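Readers should treat all values here as calculations from the given coordinates under stated rules, not as data from a laboratory. This one's a predicted model, so the numbers in the text were calculated from it and none came from an experiment. With ideal geometry, Cβ positions are generated from the backbone for all residues, glycine too; neighbour counts draw on all protein chains shown.
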Amino acid sequence: MRVGKFIGRKGRHAAAAPGHGAAVPDTTDTTEPGTADLTPPGPTPPGPTPPEPMATAVDNVSATDGYSATDSHSATDGDLATDAVLASGTPGTPGTPDDDNATGTALPPVAPPRTLATDAPQVGDHLQPLPLPRLAPTTTSLPGLRADGGLLGDRWLGAASLVGQSHLNGGSTAQDAYQFTLSDDGSLLIAAVCDGMGSRPLTSQIGAVLLASLLCEEARTVTAGKLAADPRAVLGGILDAACARVTQVRTAGLPGLTDRDLSCTAALALLPATGTGWAARVGDCAVLRLAGEAWETVFARDGGPVNMVSAALPHPTPAEVAEYAPLAEESPGDCLILASDGLAEDAFGSPAVRAWLAERWSRPCDAAAMADSLRYRRRGSHDDRTALVVWSRQLRNG
Amino acid sequence: MSAFSNVERPAVFPVCLCIDVSYSMQGPPMTAVNDALPEIKAAIKSDPSTGEIARLAVVTFSDQADIVLPLTDIAFADMPVLSPQGGTNFDVGLRASGDALRDGIKGLGKGSAYHQPVIFFISDGEHNADVDWTHARGQITSKEDKYGAQIVSFGFGKANRETIQQVSTGFAFFTDESDPGTAVREILRTVLRSIRTTSSSFSSATGGALSVPLDGTKLTQLPLTQHMVN
């Protein structure tokens, strides 16, 4: 058996590739907490330590790291491999009905794109350059990158969602979504991550976005007191109500679709200001805890093939197919993480990815730093990556 | 056992080619197989979204079955050269394919992530051994078994369409191509496409739906039989 290994990092400390400009200054270490333009908005005490910003680069185009210098259509004639590429248009999704790029025409080489430097690791043996990304022509496609970082109530929340390489290869849309809010009385932080089903590549992202929003919307009327009194009933009620509203919205506004077209998995967390929070999930989104470098999973990881999930939403009886778990009040510095399976499988299966994320998330992150934390390259990891991280309230220097 | 692995364990997509090498395959069909295997390797290796995930095993069957390539990272595989021999026994071929996948997945280590295995079954003839192969098929495709596989079956030449249908778990194909070498080449091209499209679909919690693109081929998809519907 071959196993991958951590083979190094690249980024702002790396020598610039000839012809690709100079290495850029290291800006991270000189940006201390409290720097004016990075201080989070809102009340300061008893807020968390200001977030860790991401270093930026203007022209550090070690862009050939990461991408192949040629478009994935480029090929020469004559063999079975070429037959497959030419017939499909792209190695990513040959011949699929939604592949508008399947022209069968080899395109000329394209210069690699400019990108930002990163310290994110490359994990695994013999990593090849990736083909140039293809954008999804789908009119309901999701952003390839979404990121947030800031105070929500008195907690710092960072979140990012990054389209997977397999979507970029084939020109299909990302399918992960996240949403967060506060309960109406301010007693609960509410967070949801949803992951659209790959078997519905044109529509499931709609379901994921819709469900994430409606889960948060339905949870807003809950109070910390109600949650503490009967957490499973509260969470189950939110799931039931959100699924019912998805169906209502679909019927009214998307009559051509079925519930299955909107299928997704979901994780939902309700965190009170003090005391025990609760999480629910349907399918294989994950809820994780991170304390220093120690990782825990709130829900047991399923065995068997990873592309076979136990359940998805909408569902006729969502509360019955969901799993529920308490979330003990976190210690200072701990994180609670809601993750799509693309990120969770990397955390489960890769010590190097865990070490990277633990280091990145050792302090609250702003939006750019959250996005950067997902930019690692791991052999075999081509799924969408979504992480919503809630830091404990007491994280503060001095 | 911790859910978190202490060694790097990337998720893999286990694939097994189960190829009939009975005497009827000698000549152009066998030549086409032997020409195509290295090309399949090159094609998968050159595509990161497939090559980093797919693991390939090759099983041959005639009167007996051989695992001529255990489940292997294809970038490092020495592709076998096949030669014709004996009669046609589906039972041993299917059992050996199930063994190759099970042993290969177990060999990845505890806690390793994997996608549902797929067997690509290719035959030009009829099962002619005195054993019921359907039991083996049922065992290796059991939904109760965490190693349970899907089977995509391809028939050509003197293969029986109904039998080819029964072997599969949903996708069954037949080609009436008169040149057996061309038929094999077309089948293996389709296999390659299926490996690539399926690998690329592992992009969400519930992605990974097996797909078998037929564009530009003369393959005919056989209708679902009742056992597939059930």
For the stretch B:23-133, what does the relative contact order come out to in percent, with C-alpha contacts under 8 Å and a separation of six or more?
27
In the stretch B:13-229, taking the dipole from +1 charges on Lys and Arg beta carbons and -1 charges on Asp and Glu beta carbons about the Cα centre, the listed residue (B:Leu214, B:Gly170, B:Gly107) farthest towards the positive end is B:Gly107
Cα centroid of the stretch A:126-182 to Cα centroid of the stretch A:320-398, whole Å:
15
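Shape verdict for the stretch A:214-294, please, from the Cα gyration tensor: rounded (a/c under 1.5), prolate (a/b greater than b/c) or oblate.
oblate
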Roughly how many debye, to the nearest 20, is the charge dipole of the stretch B:1-123 about its Cα centre, given +1 on each Lys and Arg Cβ, -1 on each Asp and Glu Cβ, and no other charges?
380
Kindly state, to the nearest 0.05, the FRET efficiency for B:Leu224 paired with A:Thr317, given R0 = 22 Å and r defined as their beta-carbon distance.
0.15
Take the Cβ-Cβ distance between A:Asp230 and A:Asp125 as r, set R0 to 51 Å, and report the resulting FRET efficiency rounded to the nearest 0.05.
0.50
Gyration tensor (alpha-carbon) shape descriptor, the stretch B:31-149, a/c threshold 1.5
oblate
Over all residues in B:187-200, what is the mean tally of Cβ atoms on other chains that come within 10 Å of each residue's Cβ?
5
For A:Val222, the net charge from surrounding residues (Cβ-Cβ under 12 Å; K, R +1; D, E -1) works out to -3
Averaged over its residues, how many other protein chain Cβ atoms are within 10 Å of peptide B:111-117's Cβ atoms?
5
Local net charge near B:Gln139, Cβ-Cβ under 11 Å (Lys/Arg +1, Asp/Glu -1)
-1
Apply the a/c threshold of 1.5 to the C-alpha gyration tensor of the stretch B:13-229 and tell me whether it is rounded, prolate or oblate.
rounded
Mind putting a number on the dipole of chain B about its Cα centre? Charges go on the C-beta only, +1 for Lys and Arg and -1 for Asp and Glu, and I need it in Debye to the nearest 20.
700
Using only alpha carbon pairs under 8 Å that are at least six residues apart, calculate the relative contact order of the stretch B:13-229 and give it in whole percent.
21
Where the centroid of each part is defined by its Cα atoms, how far is the stretch B:84-163 from the stretch A:213-237 in Å?
48
What's the center-to-center distance, using Cα atoms, between the stretch A:246-298 and the stretch B:1-55 in Å?
36
Which pairs in the list B:Lys41/B:Lys218; B:Lys110/B:Lys146; B:Lys45/B:Lys158 are over 25 Å apart, alpha-carbon to alpha-carbon?
B:Lys45/B:Lys158
10 Å beta-carbon shell around A:Asp384, net charge (K/R +1, D/E -1)
-3
Theoretical ellipticity at 222 nm over chain B - DSSP helices of four or more residues, -39500 (n - 2.57) apiece, nearest 500
-10500 deg cm²/dmol
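Sort the following peptides by mean Cβ neighbour count (other Cβ atoms within 10 Å, averaged over residues), highest first: B:80-88, B:98-106, B:150-158. It would help to have the intermediate numbers written out before the result.
Working: B:80-88: 15.8, B:98-106: 20.8, B:150-158: 23.4.
Per-residue Cβ counts within 10 Å, averaged per peptide and sorted highest first, yield B:150-158, B:98-106, B:80-88.
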Report the label-to-label distance for A:Asp184 and B:Asp145 in nanometres (one decimal), using points 7 Å from each Cα along the Cα→Cβ vector.
5.5
Note down the relative contact order for the stretch A:167-295 as a percent, whole number, built from C-alpha pairs under 8 angstrom at least six residues apart.
28
Shielding of A:165-172 by partner chains, average beta-carbon count, 10 Å
5
